[in-house]
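K.L.:
Sharing a structure below in structure tokens format, with a few things to ask.
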Amino acid sequence: MIEKIRKHYIKDPSSLSTAFWKYKSAFDHPNAKCIQVGEEKVLFLDDQLLGFRGLDLKSFDTETLMGVDACHPLPLKGFKESKFFVLHHDMKRVHKIAHEYQIEVVKADEAKEVMSFINNSYEFISVTEAEVLNWRIHDVFDESLWIWIKEDNEILALGIAEYDQTIKEGALEWIQVHEKARGKGIGKILVNELLSRMKQADFVTVSGEVDNKTEPEKLYKKCGFKGNQIWYYYTK
């Protein structure tokens, strides 16, 4: 089944809620279960429902969900709903933006600085130094895709992307601009710089919270990303 999903994803990068390597990793997990809800195949892992494309589970009653798989019922009670957009870039037109900021590769010993910058950028998201270090050991890690944007050696923005050589997919993972540096076009500089470093990619994907007050979807669309898919996540 995963090979069929891979082929379809390459043709339609909005057909999964996350980069393919992450989906495959979850799919291969011993606790994962792939089930059918309506017309969607849904990956259920432990206490998470990973991705319903354009499908709000509230439109299904509990009995319908519990009847999907008698061995693995899915009652809605106690689940928290989150909505995410998923966009993709076809990499046909990528332009670096002229600017006077410093762009530096994030060093291996700067995991703590990465952790702090990410945690200070979100109200409800938190990562640990160990998690940051763990991102660097994945097969999709490319040091050139971890960058700081600085001015007079002061950090203004962080960008982390990944590249999956097996299907030539790039993925923007963390795009943060310091609150005091927003509104200056730095986000666009950051995204286009990462895209220019992934010219070998056939496509690049990105996802983000629909209800994020910084409206990241607008930034990505200004940089050439396309799509209008909304994915629903349910977690306990």
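K.L.:
Take the residues in region 198-216 that are modelled with pLDDT of 95 or more and either under 18 Å from the mean Cα position of the chain (by Cα) or on the phi > 0 side of the Ramachandran plot (or both), then tell me which one is surrounded by the fewest Cβ atoms within 10 Å (Cβ to Cβ).
P.N.:
202
K.L.:
Out of the residues in region 3-32 that are of a type in the set (A, V, I, L, M, F, W, C) and either touching a His at 6+ places or on another chain (Cβ under 6 Å) or more than 19 Å from residue 87 (Cα to Cα) (or both), state the one that is surrounded by the most Cβ atoms within 10 Å (Cβ to Cβ).
P.N.:
At the first step, the residues of region 3-32 found to be of a type in the set (A, V, I, L, M, F, W, C) are 5, 10, 16, 19-21, 26-27, 32.
Keeping just the survivors that are either touching a His at 6+ places or on another chain (Cβ under 6 Å) or more than 19 Å from residue 87 (Cα to Cα) (or both) gives 26-27, 32.
Working: 26: 19, 27: 17, 32: 15.
Selected residue: 26.
Residue by residue, here is whether (1) exposed (fewer than 12 other Cβ atoms within 10 Å of the Cβ); (2) more than 16 Å from the chain's Cα centre (by Cα); (3) in a strand (DSSP E or B) holds:
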{"site": "131", "(1), (2), (3)": "no, no, no"}
{"site": "156", "(1), (2), (3)": "no, yes, yes"}
{"site": "159", "(1), (2), (3)": "no, no, yes"}
{"site": "167", "(1), (2), (3)": "no, yes, no"}
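K.L.:
Restricting attention to region 111-120, which residues are crowded, with 18+ Cβ neighbours inside 10 Å and either over 13 Å from residue 178 (Cβ atoms) or not aliphatic (A, V, I, L, M) (or both)?
P.N.:
Step one: of region 111-120, the residues crowded, with 18+ Cβ neighbours inside 10 Å are 111, 114-115, 117-118.
If the condition is that a residue be crowded, with 18+ Cβ neighbours inside 10 Å and either over 13 Å from residue 178 (Cβ atoms) or not aliphatic (A, V, I, L, M) (or both), then 111, 114, 115, 117 are the ones that fit.
K.L.:
Here's a check for you: in region 188-219, which residue that is in contact with a Lys or Arg (Cβ under 9 Å, 6 or more places away or on another chain) and part of a helix (DSSP H, G or I) is farthest from residue 125 (Cα to Cα)?
P.N.:
It comes out as 196.
K.L.:
What are the residues in region 187-197 that are closer than 19 Å to residue 106 by Cβ and either of a type outside the set (Gly, Ala, Ser) or buried (at least 18 other Cβ atoms within 10 Å of the Cβ) (or both), if any?
P.N.:
Keep residues of region 187-197 that are closer than 19 Å to residue 106 by Cβ, which gives 187, 189-197.
Those that are closer than 19 Å to residue 106 by Cβ and either of a type outside the set (Gly, Ala, Ser) or buried (at least 18 other Cβ atoms within 10 Å of the Cβ) (or both): 187, 189, 190, 191, 192, 193, 194, 195, 197.
The values are calculated or read from the model by the stated rules, or taken from the named source; none is laboratory data. As the structure is a computational prediction, the values presented were derived from the model and not from experiment. In this analysis, Cβ positions are derived from the backbone assuming ideal geometry, glycine residues included, and neighbour counts consider all displayed protein chains.
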